[in-house]
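Take a look at the structure below.
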Amino acid sequence: MPSDRLETEISRIRALAACMCLLLAVPGIELARMQIFHAGRYRSSLDRQSIRRVRLPAPRGRILDRNGKCLADTRPSYSIAVYVEELRKPGSLSRTIEAVEAAVHRTGGIIGLRPEIGPEDIRRHIRQRAPLPLVAWRDADWKAISRFAEYPDQPSGVDVFVEPVRTYPMGRLAAHVLGYVGKRDQAAAEEEDPFSYYLPDMTGRSGIESAYDRELAGLAGAQLIRVDAAGFKHRAEMEREAVLGRDITLSIDWRIQRLAEEALSDARGAAVIVEPFSGEILAMASSPSFDPNRFGIGIDPEEWRELLTDEARPLFNRAIQAAYPPGSVFKPVVALAALDSAAASPATTFVCSGSFRIGNAEFDCWQTTGHGAIALEKAIEQSCNAYFCQLGLLCGHQRIADMARELGFGERTGIVLAAGGMTENPGLVPDEEWKKRRLREGWRPGDTCNMSIGQGFVLATPLQVAMMCACLANGGTLLTPRLVLNPSDGAYEAGRRVKCDRRAIEIVRQGMRDVIENASGTGRRAHVEGVELAGKTGTAEYGPSHARKKYTWMMAFGPYENPRYALAIVVEEGVSGGITVAPRVAQIFRGLLALESHDSAAGGEG
Amino acid sequence: MMRWFDRFAWAARNMKWTLTLCACCLLAIGLAFVYGASFVSEETQVRPFFQKQIVWAVIGLLIYITAAAFDYRTLCRLSWAFYLFALALLVIVLAMGVERYGARRWLAVGGFSIQPSEFAKPALVLALAAMLNRAGEDLGAAGVLCRVLGVAVLPMLLILKEPDLGTVMIFVPIVAAMLFAAGAPRRTLLSLTAIGLIAASVVLAIVIVPEKAGMSEDDQARILKLAGMSPYQKKRIMTFLDPGRDPLGAGWNKLQSEIAVGSGGIFGKGFMKGDQNTLGFLPRSVAPTDFIFSVIAEETGFAGSAAVLMLFAVLLMSGLNVAASAADKQGRLLCTGVAAMIFGHVFINIAMTIGLAPITGLPLPLVSYGGSSVLSTMAGLGMIQSVYLRSRRR
């Protein structure tokens, strides 16, 4: 073979070698590009396809009464759950489903409960939430849980799963204040980064639960789960623990709350008890009530419909959502308006003949035989309609309306419950302009008479009446009702001195003391041995003339010289304030005194 | 008996050690990652792929030494027998092969499955080395060229019938490199290249144009059938050109393989800690076989993947070194053919793993799980050693 041919062949082999090296450099450079310069991008696509974020709900903070008594708590709920990834079988999905089903059946045999989930539930779970535990028995009772826990040979892949559940240890107590929770609407979740999965979580739907939801809810935790290609959990990557929600301390005293609720146990109505110098609500009751525990792990739709359609409206917080004609509890407002404007003096006397006629309207006094000629203090004590009609006419409706507004009527008190979706009723203080706008009618003297006895268009919530009562009790400061004592709620506004002559207030207070303490007073049934009280009864008629019904009222504060409590109670369909409500006021004050002596005895021991 | 033993000992003692070292390193890496990638579950300790691969590696080493001990000139004389045997296997596989993933590529032999197309490659290298050697100066002549191409195309057609497009493609660089090294005139090489390019464009046109032109599905299928292609092959080509069109099917492997490689970073995630592999995003059916390189790249990072690439480069260079110093033309051609065969596999496999080439289903020699591939590669390397042992330099 000629050597130049050999040379050619060898040089061609060398060329092939060079060519291969060059070609191998191509994937080499691409590898460097991918693995050195763009590794982060590939890692994030890896994470995107294999990392799932699970939202871990935070246990809600507690709601405590002013003594630290727990009114709303979070308890662990024990469920029995299947960890599907541990039961996974190779091959078709139905084999895994069979394995899960078999485990559920075996567990059911151990704990003595019928399986609540079937193959369809298992299939849906695997399709939608495969990396999460599949809850087979939610909130199982302790017997089932302990039977399972003590069983020596537990089926693999089945375990107890703990979730926080809202519970109200005092049952119905203060239900309207506490409110209730409902399943969190995950679609509306305000989190910035979306989660792949949400565990059931509760959010406040009403009352303090809703108004302070942000504080109570805490901070949801998150778990990052690495899933495999089939979507099953591979391992937990990271966990950010949920942060327990803040506790909320209410101004409510659970014992006083219980007194208020007991006083309403046989009636529809509301009661509000206030500390008259701080505006702290000690009790707020509305009857009928409901058990917020029914909402604990999500209320069943049937029960929910029942609560909503109940004619007695148990979810309705009558203390702030209902506005009633105040009847005679409004008379102190009229008296203050007349005295403050100097239209009348304590000595101003009118004659009561058992009724008062103006135009063709007639206003009966409850004392059909008439009170004769009486002066202001006595007229308050006797709650004389004829007197107040004439006083009202003398003073003029505009001054009454102004004074009513000064005392907080016709305007929302601003209680925090309103922030919880529990719309506060502003009540109504009518005047000429209002009547023209709403009824396209002029103001008539009869309207003034009606207003003077708290009937007609005037409407007030029990809370408004209680706050006015507190204002009279403390000598003229209208306070903002306070329901939450947490110190960081510093923005609380103390209240304002009402623009009213102090002597006028003193005169009205004296009249109110006579209402209870005089043997002839309309509120004498509210008298309690050992304490001097002041108050005012009220009876407002409503409904068609052939079936008149009465809202019966009483507001009261005491002790007279140094008031510690101011309250307002309304009872629907009562007989009269003096007969229906006054005994309940007495019952409450007796209870309050008993509590005080119990506390001082306990304090003395300590 | 003693004579044989002496020959083996002599061969083993005098072999080119760089070649042996590279081959053993690659085999060891392959075994490790076949073990890692054929993970079934925590409970299942048995990894059948791994156990079988050990057997194949041992047999492969035996074949390696045997081939080295044999004089390659004897093998070349017998090359027609190997060639016919390989063709017979290819016919048998078409008749009674095991069908998997829509293709008949495997013969089941006592618990093992063998892939006849793998053995066709070294058989063809041997046959071509003998033929081109005999042809000598007449390579420019049309008759000689036609015979050579006929010998090459026959197994290609049989393999195309299986169908196994990837393996067919690997014959092209083998034949081209051997013709080139045999000293074929430049004119011949250029015209062959031109013909090849035209043929490739025609295939692409058949696959793409009807769809782009908006023909009905039926017409598209008819054209494909006329061209002798299966819809499966069309799909593979289309997936390479536009992986987005089948993200859960064929495009999935490509996408997941790229994520695996890229996320490996510089130093990787650690042996058996590759997420793409352990989480099954890189399908378990392909992780130990065609996509073993992406498992290596993910778990050992650029450091490991570049090292594997370097091992192959060293292997190929020492193979071509042997070619350059071979005692005769047959030896040169044999070494060149084996190097081209290994190079073709390595280049296409790695390029496909990192998304530069279509998903063809070619193994990474010595590393991927698969007995036939290990045996044919080791046989080829053994023949290079045989050439080396009888070369001018010794």
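The values are calculated or read from the model by the stated rules, or taken from the named source; none is laboratory data. All values derive from a computational prediction rather than experimental measurement. Positions of Cβ are backbone-derived with ideal geometry, glycine not excepted, and every protein chain shown enters the neighbour counts.
For the reader, a short list of remarks on this structure follows.
Table: residues versus (1) surrounded by fewer than 23 Cβ atoms within 10 Å (Cβ to Cβ); (2) assigned by TED's automatic domain parsing to the domain that holds A:Ala519; (3) assigned to a helix (DSSP H, G or I).
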site: A:Thr537; (1), (2), (3): no, yes, no
site: A:Ala540; (1), (2), (3): no, yes, no
site: A:Lys550; (1), (2), (3): yes, yes, no
site: A:Met554; (1), (2), (3): no, yes, no
site: A:Glu561; (1), (2), (3): yes, yes, no
site: A:Leu567; (1), (2), (3): no, yes, no
site: A:Val571; (1), (2), (3): no, yes, no
site: A:Val575; (1), (2), (3): yes, yes, no
site: A:Ile579; (1), (2), (3): yes, yes, yes
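- Of all the criteria given as (1) β-branched (Val, Ile, Thr); (2) under 33 Å from the mean Cα position of the chain (by Cα); (3) closer than 28 Å to A:Ala236 by Cα, the one not satisfied by A:Ile126 is (2).
- Residue ID - surrounded by the most Cβ atoms within 10 Å (Cβ to Cβ), chosen from residues in the range B:79-114 that are outside any helix (DSSP H, G or I) and in contact with a Pro (Cβ under 9 Å, 6 or more places away or on another chain): B:Arg105
- Meets criteria (over 22 Å from A:Glu261 (Cα atoms), in contact (Cβ under 8 Å) with a residue 60 or more places away in the chain and acidic (Asp, Glu)) for A:Glu541: yes
- Residue check, A:Arg114 outside any helix (DSSP H, G or I), basic (Lys, Arg) and assigned by TED's automatic domain parsing to the domain that holds A:Pro76: yes
- Considering (1) within 14 Å of chain A (Cβ to nearest Cβ); (2) modelled with pLDDT under 90; (3) not in a helix (DSSP H, G or I), the lone condition that B:Trp252 does not fulfil carries the number (3).
- Of A:Arg43, A:Arg60, A:Arg14, all but one fail to be out of contact with any Lys or Arg (no Cβ under 7 Å at 6 or more places or on another chain), basic (Lys, Arg) and crowded, with 16+ Cβ neighbours inside 10 Å; the exception is A:Arg43.
- Residues considered: B:Val151, B:Val144. Of these, the only one that is surrounded by 15 or more Cβ atoms within 10 Å (Cβ to Cβ) and within 20 Å of the chain's Cα centre (by Cα) is B:Val151.
- Residue in the range A:31-41 that is basic (Lys, Arg), over 38 Å from the mean Cα position of the chain (by Cα), more than 14 Å from chain B (Cβ to nearest Cβ) and not in a loop (DSSP other than H, G, I, E, B) present: no
- Test: B:Gly196 is at pLDDT 85 or above and on the phi > 0 side of the Ramachandran plot: no
- Filter pass, A:Ala229 being at pLDDT below 85 and either within 14 Å of chain B (Cβ to nearest Cβ) or under 30 Å from A:Gln464 (Cβ atoms) (or both): yes
- Filter pass, A:Leu463 being closer than 21 Å to A:Asn317 by Cα and either assigned to a helix (DSSP H, G or I) or over 29 Å from the mean Cα position of the chain (by Cα) (or both): yes
- Within the range A:133-153, being surrounded by 15 or more Cβ atoms within 10 Å (Cβ to Cβ), of a type in the set (A, V, I, L, M, F, W, C) and more than 13 Å from A:Val100 (Cβ to Cβ) holds for A:Trp137, A:Ala140, A:Ala144, A:Ile145, A:Phe148.
- Taken together, the criteria exclude B:Arg222 from residues that are modelled with pLDDT of 85 or more and either surrounded by 12 or more Cβ atoms within 10 Å (Cβ to Cβ) or assigned to a helix (DSSP H, G or I) (or both).
- Among the criteria (1) at pLDDT 85 or above; (2) assigned to a helix (DSSP H, G or I), the one A:Arg127 does not fulfil is (1).
- Of all positions in the range A:97-115, none carries a residue that is within 14 Å of chain B (Cβ to nearest Cβ) and either within 30 Å of B:Met352 (Cα to Cα) or exposed (fewer than 15 other Cβ atoms within 10 Å of the Cβ) (or both).
- If only residues of the range A:316-347 that are of a type in the set (Phe, Trp, Tyr) and over 18 Å from A:Trp366 (Cα atoms) are counted, the one that is nearest to the chain's Cα centre (by Cα) is A:Phe316.
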